[in-house]
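Encoded as structure tokens, the structure appears first; notes follow it.
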Amino acid sequence: MNSLVTQRFIKCHDKLKEDNRVRSSRQFAMSLDYLPQSLSEILKGRRDVTIELLRKAVMKYKMNPVYIFTGEGPMFMSEENHKSFRVLTIVANSQEDERIVHVPVPAQAGYAGDVTDPKFIQDLPTYTLPDYKYKVGTHRSFDVAGDSMEPTLFEGDKVVCSFLEPTLWENALKNNYVYVIVTRGDVVVKRIENKITENKELILYSDNGFYEPYKVNISDVREIWYVRAKISPFLPSPQNIRNMLRDEIREMRKTIIHQSDSINLLSDKIGKIVDK
């Protein structure tokens, strides 16, 4: 059984043929640089449509991503609406295995902006991980910037994430879980409170108590990625920041205990003097 997204894609395909905008399924596949045999598998319900094929169909035939992912709105967009949508670009190897795209800090401003050229994504670093869970679905990693998620995440860490389709946001986003939120102007790593049903918004929280939570309207959110793992730089010296903090706390505890003993001793002496 195809996913709902695939079923809607097939309806758009059938509508294109019905309106004579494409002569055949083969011509449709060839126009999207896609194997006709693979498209046939999708149309027969044996596989789901890929995000990359959807991206090409949106760009070529103006299929409406809102309809594809939610079932709402028209099947196809007007030229004006077409300019405002963003479709995820993926990178695959010669065997069509999807690779993990890494978005470093210097590229995050451009990534959050109105980047529609797939070459921007294709020029970013890519890699693979041996765990099987990263062989299925679309994954991306992001550099952590700043100290807002300390002590969970530190600047220089990388978070490896799974793509969360917009159709799943309302029900799948879990409170207090960590996500990468891509808005129209920024890329942030935060814990979230899901308020989409009530107020069409997310509340973003930092683990560093110095930073106040803030709200983001769901209409300003472009992508959401669920954080599955982190990659941290190895520090060979034991005198890293966390160990130094532990040492300072240990010394403070010793000082407090020593002062408490001194106060108790002084209290005993005062008591003896008063008794005399």
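Read the figures in this text as sums done on the coordinates, not as results from a lab. Since the model is a prediction, treat every value here as computed from it, not as a measurement. Cβ placement follows ideal geometry from the backbone for every residue including glycine, while neighbour counts extend to all protein chains displayed.
Hey, of (i) 54, 20, 15; (ii) 35, 19, 16; (iii) 28, 20, 18, which did the structure itself give for semi-axes √(5λ) of the Cα gyration tensor in Å when calculated?
Only one listed value fits the structure, namely (i).
Starting with the highest mean, order 204-213, 251-260, 222-231 by the number of other Cβ atoms within 10 Å, averaged over the residues of each peptide. Intermediate values should be presented prior to the final figure.
Working: 204-213: 14.1, 251-260: 10.0, 222-231: 18.5.
So the peptides 204-213, 251-260, 222-231, ranked by packing, come out 222-231, 204-213, 251-260.
By average Cβ neighbour count within 10 Å, what is the ranking of 177-190, 96-109 from highest down? Write down the numbers at each step before the final one.
Values: 177-190: 18.9, 96-109: 15.6.
Answer by packing, highest mean first, reads 177-190, 96-109.
Would you mind giving the average projected area, over all directions, of the Cα convex hull of segment 85-171 in nm² with one decimal? Let's see the in-between values first.
Numbers: hull surface 29.2 nm².
Convex hull of Cα atoms, orientation-averaged projection: 7.3 nm².
In whole Å, largest first, what are the principal axis extents of the Cα atoms in segment 1-83?
Ordered largest first, segment 1-83 gives principal extents of 33, 26, 23 Å.
What's the Kirkwood radius of segment 103-150 in Å, using all Cα pairs?
Details: mean 1/r = 0.0784 Å⁻¹.
Kirkwood radius, segment 103-150: 12.8 Å.
Once every DSSP H run of n ≥ 4 in the chain is given -39500 (n - 2.57) and the sum is divided by its residues, what mean residue ellipticity at 222 nm do you get, rounded to the nearest 500 deg cm²/dmol?
Details: 11 runs with 107 residues, N = 276.
After summing the helix terms and dividing by the residues of the chain, the value is -11500 deg cm²/dmol.
Note down the magnitude of the dipole of the chain about its Cα centre, charges +1 on Lys and Arg C-beta and -1 on Asp and Glu C-beta and zero elsewhere, to the nearest 20 debye. List each step's numbers first, then the result.
Working: 40 positive and 38 negative charges, 135 e Å.
Roughly 660 debye for the chain.
Using 0.36 nm per residue, how much length does the chain from THR255 to GLU212 gain when fully extended, once their Cα-Cα distance is taken away? Walk me through the numbers on the way to the answer.
Numbers: separation 43, 0.36 × 43 = 15.48 nm, distance 3.28 nm.
Contour length minus Cα-Cα distance gives 12.2 nm.
How big is the Cα convex hull of segment 100-231 in projection, averaged over all directions, in nm²?
Numbers: hull surface 32.1 nm².
Mean orientational projected area (segment 100-231, Cα hull): 8.0 nm².
Any idea which of SER38, ASN217, VAL58 is furthest toward the positive side of the dipole for the chain, if Lys and Arg beta-carbons carry +1 and Asp and Glu beta-carbons -1?
Sorting the options by dipole projection puts first SER38.
Can you spot the lysines whose alpha carbon is less than 20 Å from LYS230's alpha carbon? Ignore those fewer than 8 places along the same chain.
Answer for LYS230, where 20 Å is the Cα cut-off: LYS133, LYS135, LYS158, LYS174, LYS190, listed by chain and number.
Report the gain in length on full extension from ARG23 to SER94: 0.36 nm times residue separation, minus Cα-Cα distance, nm rounded to one decimal. Walk me through the intermediate numbers first.
Details: separation 71, 0.36 × 71 = 25.56 nm, distance 2.93 nm.
Roughly 22.6 nm would be gained on extension.
How about LYS60: which aspartates and glutamates have a C-alpha closer than 14 Å to its C-alpha, ignoring those fewer than 8 places off in the same chain?
Straight-distance partners of LYS60: ASP33, GLU52, GLU79, ASP117.
With only Lys, Arg, Asp and Glu charged, each at its Cβ (+1 for the first two, -1 for the last two), find how big the charge dipole of segment 100-231 is about the Cα centre; round to the nearest 20 debye. Before the final figure, lay out each step's value.
Details: 15 positive and 19 negative charges, 85 e Å.
About 400 debye.
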